Amino acid sequence: MRILVDAMGGDNAPEAIVDGCIDAIKSQEGFDILLIGDYDQINKILNKRKFSSQRLEVVHAQEIITNEDLPTRAIRRKKKSSMVVGFNLLKEKKGDVFISAGNTGALLTGALFILGRLRGVDRPALAAIIPTKKGKTLLIDAGLNSTCKPINYIQFGVFGSIYMRELFNIENPKVGLINMGTEAKKGSEVLRSAYELLSKSKLNFVGNIEGKDVPEGVVDVAVCDGYIGNVLLKFFEGAGSFFYTFLKGMFKKTIFSKLSLLFVMKDMMEFKKKMDPEEDGGAPILGVNGFVVKSHGNSNAKTIKNVIIKAYNLAKNQVFEKIKNSLENLEAESFG
């Protein structure tokens, strides 16, 4: 298996990206990595780490798409950028999955322009896993589409249901629509129309849910537009860090609390790991004709390593192919 990695995308590129690739190769067998980006910069980091492996190859790409670039213009004009080169390699079947921590808008635009949508898909969506009281919930869309049409919500529900079924063996995932209240008539006209479509679909739709229902694990798939999804995702990340720091500080106030910390340290570390975005980073873009994974813009080496291993496991289990086949076999009425 070959994993394509955009070495120049992200706030900490290329060093954190290259370091993450090295750490992934050292910790996991079964895949090779194609690092795409500035040859000299990448090799300087590899030499610094004194790392050489037949499992890692560098493909030179002289241009970089930055966060300041306009997505459509960047994809069309920067043909030699690490992101565009990566998409083309994926399209040419020279890799099994493409990972980037770069410009989210450009990543979506590139996926649409170069890879194209899967049949019947109106808009792709970013799928992010959220830890909950009952296990895990898929948040979709987590940041690609700031505004949506009613049909998009039902398609997000389809993507999410297939993903949770194939990845976590949840036979009939519960789907909820994030809204400002649980009543059917709540929210904007778009959300009310989306509620009606979801209610008539073959999905296991349980109705509207509120933000507080997501960490409670009320549903397996939480559907929303990308604006709400991204705000909710970033809130979870910040809240997890806050609570861990708060609890850690609480146990350091007195000699007795310090002693009691010894008895709960294991649980504290498990909580930190569960809420740490570096541990389960990386969200696939569902609905495009290729396996693309978006990593956090501020990804460090640890995040990149974990995203690569996650992508490897998803690709090994043929999750993308299963989603594609399931979508192609869906009856038209499943989309409303």
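Checking Ile42, Ile75 one by one, the residue that is in contact with a helix residue (DSSP H, G or I) (Cβ under 9 Å, 6 or more places away or on another chain), assigned to a helix (DSSP H, G or I), at pLDDT 95 or above and within 21 Å of Thr109 (Cβ to Cβ) is Ile75 and no other. Remark: Met8 falls outside the filter, which requires a residue to be assigned to a helix (DSSP H, G or I) and in contact with a strand residue (DSSP E or B) (Cβ under 9 Å, 6 or more places away or on another chain).
In summary, Gly105 fulfils each of the numbered conditions (1) of a type outside the set (Ser, Thr, Tyr); (2) assigned to a helix (DSSP H, G or I); (3) within 19 Å of the chain's Cα centre (by Cα); (4) crowded, with 24+ Cβ neighbours inside 10 Å with the single exception of condition (4). Please verify whether Phe251 is in contact (Cβ under 8 Å) with a residue 12 or more places away in the chain and either outside the structural domain of Gly135 (by TED's automatic domain parsing) or out of contact with any strand residue (DSSP E or B) (no Cβ under 7 Å at 6 or more places or on another chain) (or both), treating the condition exactly as stated. Yes, satisfied. The set of residues in the range 200-216 being in contact with a Gly (Cβ under 8 Å, 6 or more places away or on another chain), closer than 18 Å to Gln155 by Cα and either at pLDDT 95 or above or not hydrophobic (A, V, I, L, M, F, W, C) (or both) consists of Lys200, Ser201, Phe205, Val206, Gly207, Asn208, Ile209. Please enumerate the residues belonging to the range 294-309 that are surrounded by 21 or more Cβ atoms within 10 Å (Cβ to Cβ), out of contact with any His (no Cβ under 8 Å at 6 or more places or on another chain) and in a helix (DSSP H, G or I). Hits for the range 294-309 are Ile304, Lys305, Asn306, Val307, Ile308. If you check Phe246, Phe251, Phe320, Phe236 for being within 30 Å of Gly176 (Cβ to Cβ), at pLDDT 70 or above, over 19 Å from the mean Cα position of the chain (by Cα) and among the hydrophobic types (A, V, I, L, M, F, W, C), only one passes: Phe246.
Could you please find all residues in the range 127-151 being buried (at least 24 other Cβ atoms within 10 Å of the Cβ) and either aromatic (Phe, Trp, Tyr) or outside any loop (DSSP other than H, G, I, E, B) (or both)? Ala127, Ala128, Thr137, Leu138, Leu139, Ile140 - these are the residues of the range 127-151 that are buried (at least 24 other Cβ atoms within 10 Å of the Cβ) and either aromatic (Phe, Trp, Tyr) or outside any loop (DSSP other than H, G, I, E, B) (or both).
The values are calculated or read from the model by the stated rules, or taken from the named source; none is laboratory data. No experiment lies behind these values; they were computed from the predicted model shown. Note: ideal-geometry Cβ built from the backbone for every residue, glycine included; neighbour counts use all protein chains shown.
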